[in-house]
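Reading through the structure tokens given below for one structure.
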Amino acid sequence: MSGGTVIVGGGIGGVYTAMNLIREGFPPEKITIIAREWPAYSRHRLAEFLSSKVPFGRIALGLSKRLSWMGVRVLAGTEAISLDTAEKTVGIKTNGGTSEVEYGNLVVATGGRPFLPPIPGVGLKGVVTFHGSNDVEFLSSLPGGSRTVVIGAGLVGLTAAVALRKLGHGVTVIEARGRILPNLLEGPLAEFVGDHLTRLGIQVLTSSLVEEVEGDEWVEGVRLRGGEEFWAKSVVMATGVRPNSGLLRRDGRPIEVDEAGRTGFPGVYALGDCAMSRDFITGEFVYRPLGFVAGHYAQLVARAIVGRAVADRGVIPTVYEAIGPVEVYAVGLGGAEAEKLGVLGDVEVEGGENWREARVFDADGRLIGWERVQSGHLHSVGSANAYLRIRELHGGRAE
Amino acid sequence: MSGKQLLHILPERCTGCMDCVKACPMEEPAIRIPKTPGGWDIVVCRHCSPAPCVDACKFGALWVKEDGTVFLAKELCTSCKACAAVCPFGAVFLGPTGEMVKCDLCNGEPKCVEACKEGALLYGGTPDKGLARERKPVRELLSIRGFV
Ligand SMILES: Cc1cc2nc3c(=O)[nH]c(=O)nc-3n(C[C@H](O)[C@H](O)[C@H](O)COP(=O)(O)OP(=O)(O)OC[C@H]3O[C@@H](n4cnc5c(N)ncnc54)[C@H](O)[C@@H]3O)c2cc1C
């Protein structure tokens with residue numbers, strides 16, 4: 001298979017890289033996907049997979065089957081365990097044992113894994129994450145009216161909380177930081193979402209640190225610093241994602257790439273939740289484990305592999321989520337991310353009865369982010385305007 | 001561009017009968033008629049050109065067909081929701097099973113238009129729509145398409 005392209009990881013990043021390669025004219029039979037899990041499915045539909053109890057086929061990506069039909073070689077149930085960048089080989093492990101696969105180009109699309117904070121008891125039975133179909137299968141099996149504690153109030157934690165509530169479970173969300181969705185929304189907007197969660201009967205605690213997950217073999221509850229206890233039959237850890245970057249680096253950090261997803265090793269590319277990506281507004285490389293980022297680089301990497309020029313400015317975050325009755329929009333940089341990147345100027349917040357909106361500006365008064373939360377049918381052209389405006393204001397360099 | 005067809009939306013004519021919603025052949029209707037303080041709104045894809053959703057989709061699941069329809073190919077969609085984040089009309093819906101839902105104009109014969117007895121939904125080329133030019137949604141639509 002020398003001269004062929006080997007893709008490690010059968011998630012969104014891997015599967016769409018294969019599709020884009022074929023679109024670019026790369027022969028399907030020269031593509032190999034090493035996939036621990038197969039068929040590929042979209043994590044983006046996990047909350048609905050849980051709440052609407054649709055069969056797994058509805059979240060599986062139709063593209064998986066299509067790639068096999070087209071002649072892409074899929075090593076399903078196979079894990080890449082080592083990489084020799086000098087010999088250009090990947091060591092793989094299947095049921096039957098280990099072997100090696102040669103590559104001409106290698107795409108590392110190994111995704112991320114949920115971060116588990118070092119809290120005593122996180123290894124107990126009944127403690128799960130909200131990252132894969134196996135997590136949903138466990139949560140679906142809980143008897144109606146169970147109590148669940150969700151630790152972490154990011155998008156993943158909150159969508160899981162709402163899905164569990166829809167199934168009739170008692171849900172408590174515990175967040176260490178001072179507000180929910182701390183990385184995504186400004187305070188007043190987060191508060192709006194919090195109020196609606198409370199109305200759904202979800203208990204939301206902020207500035208609360210979980211000190212221990214309690215139980216013997218099975219989880220029985222959690223204890224906060226300060227002693228307060230919440231009993232629960234299951235705990236969902238939604239405390240962030242860390243890159244699966246072990247094939248290329250040992251320190252657990254995301255794989256560094258250039259604007260086309262190339263790593264420092266000849267013929268080796270990386271994309272998706274295992275890698276860094278470029279922010280459109282600042283041009284800085286950041287860690288953003290989001291599906292559309294993986295999709296963006298799946299296009300660029302395919303282009304680079306077939307030898308087309310890639311001059312890319314990066315990704316404008318375009319987040320939408322429905323959290324119960326609240327629609328959340330976040331385009332561009334949020335205040336927290338802008339601050340981290342050293343570009344935060346003013347933030348303006350306004351709102352009415354059923355909506356709140358924030359605009360984030362840089363120090364020169366240029367729009368860098370736009371957020372809105374709303375309940376009910378109030379559409380705003382603001383998100384499209386913000387998207388186009390940000391592209392226009394900050395897209396100085398050629399695409 | 002003159003051969004392209006447009007969906008024209010006149011919410012002030014809408015009586016909220018929901019015939020359009022019932023007529024939509026999609027599993028989850030791609031048209032919604034929410035109540036507003038003064039009447040009804042019609043939320044459905046306006047098939048913008050250029051379309052922000054097409055620009056934001058990184059999975060090649062959205063494109064503009066020759067007749068101007070902004071088309072969503074479900075088998076390519078991952079539900080990352082970037083399209084919904086940038087839609088000016090709130091007209092890409094997140095369905096109850098996690099699939100994105102968007103009007104595809106029924107291959108050029110929109111069933112909602114056929115079903116609407118009030119004339120709140122019109123489908124046709126731009127020239128014969130001169131009469132509606134002063135109405136705001138149409139103006140918005142036309143300007144987004146680069147007509148005014
Ligand atoms: C609940 C939830 C909801 C989300 N919602 C959204 C959303 O609405 N919009 C959005 O943009 N993003 C969303 N995300 C983020 C999005 O799912 C990820 O950014 C995206 O899946 C990243 O794609 P990936 O291909 O990099 O990684 P993954 O999808 O994680 O795929 C990586 C694959 O590689 C396999 N793998 C890992 N190591 C190896 C190895 N050594 N050998 C072989 N195979 C290996 C893994 O088993 C996995 O199948 C959500 C995430 C979660 C958890």
Being within 16 Å of the ligand (Cβ to nearest atom), within 16 Å of the chain's Cα centre (by Cα) and either of a type outside the set (K, R) or at pLDDT below 95 (or both) is the requirement here; does A:T263 meet it? no
Residues being in a helix (DSSP H, G or I) and either more than 20 Å from the chain's Cα centre (by Cα) or surrounded by 13 or more Cβ atoms within 10 Å (Cβ to Cβ) (or both) - total across the range A:131-145: 7
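One line per residue, one yes/no per condition, for (1) more than 14 Å from every other protein chain (Cβ to nearest Cβ); (2) at pLDDT 95 or above:
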{"site": "A:T5", "(1), (2)": "yes, yes"}
{"site": "A:G10", "(1), (2)": "no, yes"}
{"site": "A:F26", "(1), (2)": "yes, yes"}
{"site": "A:R43", "(1), (2)": "no, yes"}
{"site": "A:A47", "(1), (2)": "no, yes"}
{"site": "A:I59", "(1), (2)": "no, no"}
{"site": "A:L67", "(1), (2)": "no, yes"}
{"site": "A:M70", "(1), (2)": "no, yes"}
Taking the range A:351-399 on its own, how many of its residues are in a strand (DSSP E or B) and either touching a Gly at 6+ places or on another chain (Cβ under 8 Å) or aromatic (F, W, Y) (or both)? 12
Subset of the range A:211-224, residues touching a residue at least 40 places away in the same chain (Cβ under 8 Å) and part of a strand (DSSP E or B), comes to A:E211, A:E212, A:V213, A:E214, A:G215, A:W218, A:V219, A:G221, A:V222, A:L224
Does at least one position in the range A:261-272 carry a residue that is within 14 Å of chain B (Cβ to nearest Cβ) and in contact with a His (Cβ under 6 Å, 6 or more places away or on another chain)? no
Which residue pairs have Cβ atoms closer than 8 Å, lie 6 or more positions apart in sequence or on different chains, and pair a first residue in the range A:77-90 that is touching a residue at least 60 places away in the same chain (Cβ under 8 Å) with a second residue that is hydroxyl-bearing (S, T, Y) and near the ligand (Cβ under 9 Å from one of its atoms)? A:A80/A:T110
Out of the residues in the range A:281-292 meeting the condition of being more than 8 Å from chain B (Cβ to nearest Cβ) and under 17 Å from A:L184 (Cα atoms), tell me which one is farthest from the ligand (Cβ to nearest atom). A:I281
Taking the residues in the range B:103-112 that are surrounded by fewer than 24 Cβ atoms within 10 Å (Cβ to Cβ) and in a loop (DSSP other than H, G, I, E, B) as candidates, determine which candidate is nearest to the ligand (Cβ to nearest atom). B:D104
Yes or no: the range A:298-309 includes at least one residue that is farther than 22 Å from A:Y103 by Cβ, more than 16 Å from the ligand (Cβ to nearest atom), free of Cβ contacts under 8 Å to residues at least 40 places away in the same chain and out of contact with any Ser or Thr (no Cβ under 7 Å at 6 or more places or on another chain). yes
Considering every residue within the range A:117-132, establish whether at least one is small (G, A, S), within 14 Å of another protein chain (Cβ to nearest Cβ), in contact (Cβ under 8 Å) with a residue 60 or more places away in the chain and within 12 Å of the ligand (Cβ to nearest atom). no
Suppose we keep only residues that are farther than 20 Å from A:P118 by Cα and among the hydrophobic types (A, V, I, L, M, F, W, C) within the range A:232-260. Which one would you say is nearest to the chain's Cα centre (by Cα)? A:I255
Test result for A:A109, modelled with pLDDT of 95 or more, surrounded by 22 or more Cβ atoms within 10 Å (Cβ to Cβ), under 30 Å from A:E212 (Cα atoms) and aliphatic (A, V, I, L, M): no
Taking only the range A:40-55 into account, find how many residues are within 14 Å of the ligand (Cβ to nearest atom) and out of contact with any Lys or Arg (no Cβ under 8 Å at 6 or more places or on another chain). 8
From the set of residues in the range A:133-180 that are hydroxyl-bearing (S, T, Y) and farther than 22 Å from A:P325 by Cβ, which is nearest to the ligand (Cβ to nearest atom)? A:S133
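The values are calculated or read from the model by the stated rules, or taken from the named source; none is laboratory data. Because the structure is a prediction, the values reported are computed rather than measured. In this analysis, Cβ positions are derived from the backbone assuming ideal geometry, glycine residues included, and neighbour counts consider all displayed protein chains.
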